[in-house]
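Notes follow once the structure below has been shown.
Nothing in this text is a laboratory measurement; each read-out follows from the coordinates by a stated rule. What you see is a predicted model; the values in this text were computed from it and never measured. Methodologically, a virtual Cβ is constructed for each residue, glycine included, from the backbone with ideal geometry; neighbour enumeration extends over all protein chains shown.
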Amino acid sequence: MVKNMIKNIIFDMGGVLIDYNPEKTMYSLFDKETADLLLKEIFRNPIWADKDRGIISPDEIMEQKKDVIPAGIFEKASEMVHNFYPYMPPFEGMYEFIKGLKENGYGIYLLSNASGDFYERIDGIPALSLFDGYLISADYKLLKPEREIYLTLYEKFSLIPGECYFIDDVQANIDGARATGMDGHCYYHGNIEILKKAMLEKGINI
């Protein structure tokens, strides 16, 4: 049972539960020039954040980019824009780690910048079956680290910020959480043992 202040663990998805790495993906599939182009025009472009905010659709993205994406790769690029999940495999070890937290009595929630097609992909990420709830940015037209998305999380699931611990791979998102009273750990290193040590230091029962 939980015997400390932290009662809920909040997880990001890309970079934490699954391997979201557009650079690695693009350079493994295309020559450097093409990969650079796709990163610039789509995957590291503000338009991708707009997709996660839920204000632009994959079809609209491809319509906007039809004159800059070469015809020979347009179909492949469109496929990835419509569904990038096949290129984001789940990280080994996260399912068992989260299962242990769940068994120790913690509430488990997702807070992710993600587009609306998330709900069609849940079955491909085993750890999500353990979660008590999801908050997806596109549903609320918000993005981390905007203050409102954290407040929406607390309201949606009746959470107290000081009883939550947030795990995200972007420091700005952790800073945003802390500004609303939720502590956390920047999981940029991908090392579960480092994460466990940080959580143990906060009195979380691993």
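Here are the numbers for this structure:
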{"quantity": "Farthest toward positive dipole pole in the chain [+1 Lys/Arg, -1 Asp/Glu at C-beta], among 39, 159, 203", "calculated": "203"}
{"quantity": "Distance histogram in 5 Å bins (all Cα pairs of region 22-87, percent per bin)", "calculated": "3, 18, 33, 28, 14, 3, 0"}
{"quantity": "Helix-derived mean residue ellipticity, 222 nm - over the chain, DSSP H n ≥ 4, -39500 (n - 2.57), to 500", "calculated": "-11500 deg cm²/dmol"}
{"quantity": "The chain - share of DSSP beta bridges that are antiparallel (%, nearest 5)", "calculated": "5 percent"}
{"quantity": "For the chain: relative contact order, % (alpha-carbon pairs under 8 angstrom, 6 or more apart)", "calculated": "29 percent"}
{"quantity": "Rg/Rg_ref, the chain, where Rg_ref = 2.2 N^0.38 Å and atoms are Cα", "calculated": "1.07"}
{"quantity": "Restricting region 81-147 to chymotrypsin sites (Phe, Trp or Tyr not before Pro) in coil, as DSSP defines it, with at most 11 other Cβ within 10 Å", "calculated": "none"}
{"quantity": "Chain lengthening between residue 119 and residue 151 when straightened (0.36 nm per residue, less Cα-Cα)", "calculated": "9.3 nm"}
{"quantity": "Bins of 10 Å, starting at 0 and running to the largest distance - Cα pair percent for region 109-206", "calculated": "15, 46, 36, 4"}
{"quantity": "Mean Kyte hydropathy of -1.0 or more with a Cα span along the axis of at least 15 Å, helices from DSSP in the chain", "calculated": "71-82, 147-157"}
{"quantity": "Rg to Rh, two decimals, where region 52-113 supplies the alpha carbon set and Rh follows Kirkwood", "calculated": "1.20"}
{"quantity": "Residues with amide H under 5 Å from that of residue 190, placed H, sequence gap 5 or more", "calculated": "none"}
